[in-house]
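S.K.: I am attaching a structure below and will ask some questions about it afterwards.
The values are calculated or read from the model by the stated rules, or taken from the named source; none is laboratory data. Since the structure is predicted, the reported quantities are computational estimates derived from the model, not experimental observations. Quick reminder, even Gly has a Cβ in these numbers, built from the backbone with ideal geometry, and neighbours come from all protein chains shown. Ligands, DNA and RNA are stripped out before the accessible areas are found, and what is left, the full protein with its side chains, is counted by its heavy atoms. Shrake-Rupley method; radii C 1.70, N 1.55, O 1.52, S 1.80 Å.
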Amino acid sequence: MVDVFISYSRDNKARVAEIAEAVAAAGYDVWWDAELPPHRSYGDVITEKIGSAKAAIVVWSQTSAQSEWVRAEADVARNQKKLVQTSIDDVMPPLPFNQIQFAELADWNGEPDHRGWRKVMMSLEELCGREAAPAAASQPAPPRPAAADRQEPPPARKPSFLPWALLGLAVVAVALLAWKLLQPSPEPATAAAPTETTAAPKEADARATPVATSPAEAFTLAAVIDDPDGFTNIRSGRSAKAAIIGKVLEGEKFLTYQQPGSWWRVRKADGTTGYMFRKYIRLIEGGGPPPPPADTGKGAIIADSSTRALTAADVAGLTPEQARLARNEIFARHGLRFKDPGLQAYFTSLPWYRPTSDSVALSAVEKANVALLQSAETAAQ
């Protein structure tokens with residue numbers, strides 16, 4: 001019996017090796033693509049290993065989210081209540097796993113105090129029934145598997161890379177066109193152009209995109225952060241690995257403007273200017289996301305579950321189906337389109353429901369309420 005099973009896509013093997021080594025260094029026995037017996041089928045061995053493990057880490061990425069095998073392994077782990085979800089490239093877990101909390105490791109470089117890694121360690125301590133041993137007493141990490149160790153599913157199941165490559169080229173082309181269209185017109189020659197000074201770290205990260213300055217750059221939109229950690233870092237480039245040059249606290253206002261891509265230029269009141277991950281930015285004027293529809297409490301199981309932190313007493317009397325609907329109505333208020341026909345039909349019958357998106361961002365209060373309702377649903381079954 002092993003402590004931890006790791007499910008992942010082979011495209012992420014190098015990154016997953018770092019995770020496996022860190023888990024093993026924490027004192028856990030890890031299995032991730034050990035040599036398969038020639039007389040056993042891949043599916044049988046995987047099912048057996050997940051069943052015997054105390055915890056199963058699923059490493060979500062752009063490629064693993066498309067893998068039928070990773071989805072199947074995640075589903076087995078979820079049904080056995082041992083699923084620990086991580087994301088290594090800022091991708092949301094696919095449905096239905098996006099309704100379960102996950103640890104973001106996109107900017108994790110092995111730090112033991114990283115907030116995402118702490119979540120992983122807390123889950124492993126709870127599922128494995130013990131605290132991790134000190135690193136000095138741990139066994140060495142298992143060798144990285146050879147390319148032939150993992151038996152791939154039949155070729156017919158593997159998606160073609162060509163459509164994704166063409167899609168990627170199309171996205172890049174559209175982003176470049178949008179960037180050019182959004183560039184402000186140059187100032188007249190007679191006008192004195194303001195200069196911008198960006199604070200830079202003593203040691204620049206060679207992998208980070210350099211900070212580009214523009215005298216005509218206009219920060220016209222006020223914003224605040226929407227980050228469950230209570231703060232968001234400002235970085236020197238468009239990368240989670242770029243140097244941190246400042247941070248914005250919850251409730252603190254800053255300026256930005258409409259931009260393409262997932263990293264936006266921002267400026268603090270003290271003049272600090274850099275890049276912030278778009279999903280943590282909430283505009284408060286001039287193009288912010290539309291507010292939830294009015295009267296979202298009509299027909300709701302819990303009318304204020306998007307604005308108030310729920311307690312155990314609030315969910316104690318719910319049936320499994322009521323808890324499930326109460327959990328999903330939090331997503332419905334943001335306009336999520338449900339793939340489950342039953343859920344879609346139920347929320348379509350409510351006057352305030354407006355389906356607009358296949359993925360939504362929740363506040364810290366909403367995320368906590370979703371987790372509480374998920375626990376109540378499981379306990380009531």
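S.K.: Take the residues in region 1-27 that are open to solvent by 10 Å² or more (accessible area, probe 1.4 Å) and under 14 Å from Lys49 (Cβ atoms), then tell me which one is farthest from the chain's Cα centre (by Cα).
M.R.: Here the answer is Met1.
S.K.: If I filter region 262-275 down to residues being among the small types (Gly, Ala, Ser) and farther than 13 Å from Gly237 by Cα, which single residue comes out as surrounded by the fewest Cβ atoms within 10 Å (Cβ to Cβ)?
M.R.: Among those that are among the small types (Gly, Ala, Ser) and farther than 13 Å from Gly237 by Cα, it is Ala269.
S.K.: On to the next question. Can you work out which of the residues in region 71-129 that are among the acidic types (Asp, Glu) and more than 17 Å from Val2 (Cα to Cα) is surrounded by the most Cβ atoms within 10 Å (Cβ to Cβ)?
M.R.: My answer is Glu104.
S.K.: Quick check on Gly317: is it in a loop (DSSP other than H, G, I, E, B), modelled with pLDDT of 85 or more and either touching a Ser or Thr at 6+ places or on another chain (Cβ under 7 Å) or under 16 Å from Thr220 (Cα atoms) (or both)?
M.R.: So Gly317 fails the test.
S.K.: Here are Ser239, Ser262: which of them is touching a residue at least 40 places away in the same chain (Cβ under 8 Å) and either over 26 Å from Trp117 (Cβ atoms) or of a type in the set (Ser, Thr, Tyr) (or both)?
M.R.: Exactly one residue qualifies, and that residue is Ser262.
S.K.: Does Thr296 fit the bill of being modelled with pLDDT of 90 or more and of a type in the set (Ser, Thr, Tyr)?
M.R.: no
S.K.: Show the residue pairs that are 6+ apart or on different chains and have beta-carbon atoms under 6 Å apart, the first residue being within region 306-330 and closer than 22 Å to Pro228 by Cβ, the second being in a loop (DSSP other than H, G, I, E, B) and not acidic (Asp, Glu).
M.R.: Taking only residues 6 or more apart or on different chains, the pairs are Ser306/Arg333; Ala326/Ile301; Ala326/Ile302; Glu329/Ala300; Ile330/Ser305; Ile330/Ser306.
S.K.: Take the residues in region 28-53 that are open to solvent by less than 20 Å² (accessible area, probe 1.4 Å) and part of a helix (DSSP H, G or I), then tell me which one is modelled with the highest pLDDT.
M.R.: Among those residues, the one meeting the criterion is Ile50.
S.K.: I would also like to ask the following. Of all residues in region 361-379, which are open to solvent by 30 Å² or more (accessible area, probe 1.4 Å) and not in a helix (DSSP H, G or I)?
M.R.: Those that are open to solvent by 30 Å² or more (accessible area, probe 1.4 Å) and not in a helix (DSSP H, G or I): Ala361, Ser363.
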